[in-house]
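**Q** If you scroll down you'll find the structure; I have some questions about it.
What follows draws every value from the coordinates through simple rules; no lab data is involved. Predicted, not measured: the structure shown is a model, and the values here were computed from it. In this analysis, Cβ positions are derived from the backbone assuming ideal geometry, glycine residues included, and neighbour counts consider all displayed protein chains.
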Amino acid sequence: MPLSRIITIVVGLSVIFGLMLWLISALSRLYSEIAWTSPFLANFLVFILIVLLICFIAIFIYYLGVLPNRQSGTRGKHRKNVPTLPAEKNQIASKTIQAVKKQVAQIQDEVTQKALLAKSQQIEANLTTGILKVAVFGTGSAGKTSLVNALIGEMVGDVNASMGTTTEGVTYSLKLPQANREILITDTPGILEVGAPGEIREQLARQLATEADLLLFVCDNDLRASEFIPLEALASIGKRSILIFNKIDLYSEEEQEIIIANLQQRVKNFIAPVDVLKACANPQPVQFSEDEMIQPEVEITAVIKRLAAICRAEGDDLLADNILLQSQRLGEEARKLISQQRSREADKIIVRYQWIGAGVIACTPLPVVDMLATAAVNAQMVVEIGQVYGCDLNSETGRDLALSLGKTLVSLGVVKGAIELVAKALQFTAATYVVGKVIQGISAAYLTRIAGKSFVEYFSHDQDWGDGGITEVVQRQFKLSRKDEFVKSFVQDAITRVIEPIKDTLDNNFQEEEMEYSNDVYFDDGDDWGSDNKSRDEWR
């Protein structure tokens, strides 16, 4: 007990004892004087004084005893509230995983859907295990496997070879008494190895490092640019890292301090100086004399202490942060797949309506060219594209959007530009196709494509045309669709899909009509075909 508190207690008890003696003496005199005239008032006064004295004693005891305990309890309560942050992060991660599952359910490819669902289940399982995953990352010659050997206390890999000994991620269970939790430590393949196999191993190493809760980046000298870049990239996504300068037995004390200072300076923006450590996981034998070799001891105490301290103080935070990161990355992957899936479905709708429009216009050409815009933008196409992106539109809304975009096509001169592009492309085809209705039909299909692509962009951005409005979107799609190679290919496709079938149908119908006419003339006039019969070319 502090001396100040003992003095306070002694002085307080002395004051209380003195007051009690004085009060007893004063009460006896006062009571005797008042009791002669008013016994009730005397008794009431004594009662009030006794209550006040009891309150004073209670307040004193409360201040000396209860209040300090309450304060210490409050401090303890605050300490207990520190882990509530990971709990909140876990709740956020759990909600994110549930949202990801809903997104995965929308993916049509069963193989991809099962793979993403398995990933989400694995992330969800990590919420309850509490196991911390640590990845040892770096070049193949930095001594990663030696460090893992030293940490777990047994040989787990070939540490004699200089490069590429670990071809796959190997995971071991490590229990540090100071950490109060199980740790899974993974020896990742080395990075910066030459050749295709080396690139494959590096991709695996980066994936394992990204999925880990804590990263141990191992180097054997000052960081090269090729080492700094992946380390900085992992830190940029929030990956907690420890930088370990290994193989210090190859350097003098002065050289070690210089290298450590350089490392701390290079990574100061994303790794604290306290997390830049020295180690010697596999010291080389030293020639003590001609007949004696000395094997120095492993020096990884600083690494073990720092690893245990981080796991104990930040373990819950690291686990929660990584679960949240993995669930968000999985959600991004699912959204990208859904976006690609929607884009394919929307393209099918656009292709269907562009050839329908081309066939209709080719058979019934419009008297005014600007009417092509209204005819090309089909309201039903707009509704169906909206449904692909989860937007339920009624026919009236579809018509309004179609009309608005059709007017934009006219005002920007896209209609005339489309006709010119199609007419130019048709110059390289058979001359028999170069007629007005063919140009209009193919132009209608071309405009339908531009309109459809514009609406895809509109719906993919939550029914928002963006800062530049509908004009900028239409101009961008027209620019993307006016390349010579695309236009020529599109025109040829239109001829094959629409124009030639229509021509063949008309030819067949003409032949059938000609046969019927010939039969009628033959039966009416015998062998005389008549003087007014028309040539086939005139019917065409």
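**Q** Can you give me the distance in nm between label points at CYS363 and ARG312, each placed 7 Å from the Cα along the Cα-to-Cβ direction?
**A** The answer from the label model is 8.3 nm.
**Q** In whole angstrom, note down how far apart the Cα centers of the stretch 319-347 and the stretch 200-238 are.
**A** 23
**Q** FRET efficiency for SER395 and THR128, Cβ-Cβ distance as r, R0 = 60 Å, nearest 0.05? Don't jump to the answer; show the numbers that get you there.
**A** On the way: r = 50 Å, r/R0 = 0.84.
That pair, SER395 with THR128, gives E of 0.75.
**Q** Going highest first, how would you order 279-289, 181-191, 96-106 by mean Cβ packing within 10 Å?
**A** Top of the packing list down: 181-191, 96-106, 279-289.
**Q** In the P(r) worked out for the stretch 238-395, what percent of Cα pairs fall beyond 26 Å?
**A** 63
**Q** Still on this model: What ranking do 313-323, 246-256, 486-496 get when scored by the average of other Cβ atoms within 10 Å per residue, highest first? Could the numbers behind the result be given before it?
**A** Working: 313-323: 20.3, 246-256: 15.1, 486-496: 17.6.
Packing proxy ranking, top to bottom: 313-323, 486-496, 246-256.
**Q** Now for a separate question. Just subtract the alpha-carbon distance of PHE47 and GLN98 from 0.36 nm times their residue separation and send over the number in nm, one decimal.
**A** Values: separation 51, 0.36 × 51 = 18.36 nm, distance 6.78 nm.
Gain in length upon complete extension: 11.6 nm.
**Q** Same structure again: Give me the extension gain from ALA233 to THR471: residue separation times 0.36 nm, minus the current Cα-Cα distance, reported in nm with one decimal.
**A** Result for the pair: 81.8 nm of gain on full extension.
**Q** Relative to the present Cα-Cα distance, how much length would full extension add between PHE40 and LYS483 at 0.36 nm per residue of separation?
**A** 148.2 nm
**Q** Then there's this: Could you order peptides 453-459, 392-398 by the average number of other Cβ atoms within 10 Å of their residues, highest first? Don't jump to the answer; show the numbers that get you there.
**A** Details: 453-459: 22.3, 392-398: 13.1.
Answer by packing, highest mean first, reads 453-459, 392-398.
**Q** Using the beta-carbon distance between VAL111 and HIS461 and R0 = 35 Å, what value does 1/(1 + (r/R0)^6) give for FRET efficiency, to the nearest 0.05?
**A** Taking R0 as 35 Å, the efficiency between VAL111 and HIS461 is 0.75.
**Q** Amide H neighbours of ILE242 under 5 Å, at least 5 residues apart or on other chains, H built in the peptide plane: list them.
**A** Answer set, sorted by chain and number: LEU215, LEU216, PHE217.
**Q** A follow-up question, please. First measure r as the distance between the Cβ atoms of GLU332 and ILE200, then evaluate 1/(1 + (r/R0)^6) with R0 = 25 Å and state the FRET efficiency to the nearest 0.05.
**A** 0.60
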